[in-house]
Ligand code: BGC
């Protein structure tokens, strides 16, 4: 049923504004592919799977941190930003991966972590040794306590107070784990260091950075109390004195100048209270994209999805930026499970993928969503080591290794004879391996491949405008010019939609011309 278009390759990767409609695949390195057989994913493993990614049809990879790290937070605690952790490979492996990815037509985006370092970073080790009042301590946020109490009431995103006390009585701030001390972005040395780190990787050919906690570096002057407990539940909904402060935009402006000198892009992982605040990160002289977590958080309801889509497009459009669409990542429950789990969750996830890929802008695919992987909710207790458990919920369930082939765990994640995978892969995933899905034209993987193939070649998809069409209740229907209509039935009854045109792709087989519940379809239409 799919129709071939002119320009089947490269529409979205061509030109200097490739990022405006790129489909970017998130590689969570520890769980993607293990090249050396130690049970943990690595750079060698990714190199071996580049062909898979090119054939999937994505435009770019975002690699989660591979820098030297004690792994208190899966690599988001960096001890050396210019070195590769030996568990992930060598600097040479990173350089080869960047070159190989480019040869496959894939851009490479690295994760940079500027809000905090590891407590084993030489700067922090020196700060601890140097003592109160020293220039070494000024690179971080050290303060005296209030008597025996921490300097203020801020809470860590991972639970508990955001302050830890040293033996000499001073406290240091860590918005995440105690092993992740926050840097002091009022110190010019910190600015100079991060610009230098960016250049280090840009000189090695990377195409941009995903900026971790891009809303976090600047804190309200005087570090005032937040005034309530349960602050983490306010993340992304309300104002907090340590997130989304206006001053953070000066940092992004200075990085934009560095990025522009190389033609690289910056993607903000920013949690802001609303779409307008988020759009500030992608003003013309700031970053290129920001993850749209409001879309990720939207429930499976036509009204809610439409509201978030409209707000997102309006806010990004007001500053001339493209919108991004994200359904899952390594920090949240996988969307098959969020959408109800089992066959229902998988069915909705198929429709959600087609909706996301038809919307204007850039889309993110988190490894394994193209296989329809669910959250693993029954991992044995000994594997649950994520620092976020301090806040009541860990993230291992969305980080389980990718099942590639064969019939037994870990399903080709490690080479034959390799060690046990760092998280066990459920035996039921034997039906979800890449190999199995490639042999079944109705699989999630084949749906993603087909949708991405059509998207790459169709002039209406990617960057541009959307026009809503009248549709029965519970149905989202819109037109993309020239000549594409997308409909998603979020309701629970089949609906007849009289779309004049040819069906290009549907997430479920259409019966008697009707689009079933929790299903989506794309039609090629003839423009008037
Ligand atoms: C990353 C998380 C990490 C945190 C602290 C985030 O937003 O995505 O995985 O734990 O930053 O670096």
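Using helices alone, what [θ] at 222 nm do you get for the chain, with -39,500 (n - 2.57) per DSSP H run of 4 or more residues, divided over all residues and rounded to the nearest 500? Before the final figure, lay out each step's value.
Working: 13 runs with 132 residues, N = 528.
For the chain, the value works out to -7500 deg cm²/dmol.
When peptides 417-427, 323-333 are sorted by average Cβ neighbour count within 10 Å, with the highest value leading, the order is 323-333, 417-427. Put one equal scatterer on each alpha carbon of the stretch 122-173, apply the Debye formula with no solvent term, and list log10 I(q)/I(0) at q = 0.24 1/Å to two decimals. For the stretch 122-173, the Cα-only Debye profile gives -0.90.
For the chain, averaging the sequence separation of C-alpha pairs within contact (under 8 Å, six or more residues apart) and dividing by the residue count gives a relative contact order of 16 percent. Axis of helix 248-262 versus longest Cα principal axis of the chain: the two differ by about 70°, to the nearest ten degrees. Helix 342-358 and the longest principal axis of the C-alpha atoms of the chain enclose an angle of approximately 90°.
Going by neighbour counts of Cβ atoms within 10 Å, the residues 156, 443 line up, fewest first, as 443, 156.
Counting 0.36 nm for each residue step from residue 378 to residue 17 and taking away their Cα separation leaves a gain of 125.7 nm.
Could you give the distance between the Cα centres of the stretch 189-220 and the stretch 500-528, to the whole Å? After rounding, the separation between the Cα centres reads 44 Å. Using the average count of surrounding beta-carbon atoms within 10 Å as a protection proxy, the listed peptides 397-409, 208-220 rank, highest first, as 208-220, 397-409.
So how much slack lies between residue 104 and residue 498, counting 0.36 nm per residue of separation and subtracting their Cα-Cα distance, in nm? Walk me through the numbers before you get to the answer.
Values: separation 394, 0.36 × 394 = 141.84 nm, distance 4.06 nm.
137.8 nm is the gain from fully extending residue 104 to residue 498.
With respect to the chain, whose longest principal axis is taken over its alpha-carbon atoms, helix 444-457 is tilted by about 80°.
No value in this document is a laboratory result; all are computed from the given coordinates. In this text, all values refer to a predicted model and were calculated from it rather than measured experimentally. Cβ: placed from backbone, ideal geometry, glycine included. Neighbour counts: every protein chain shown.
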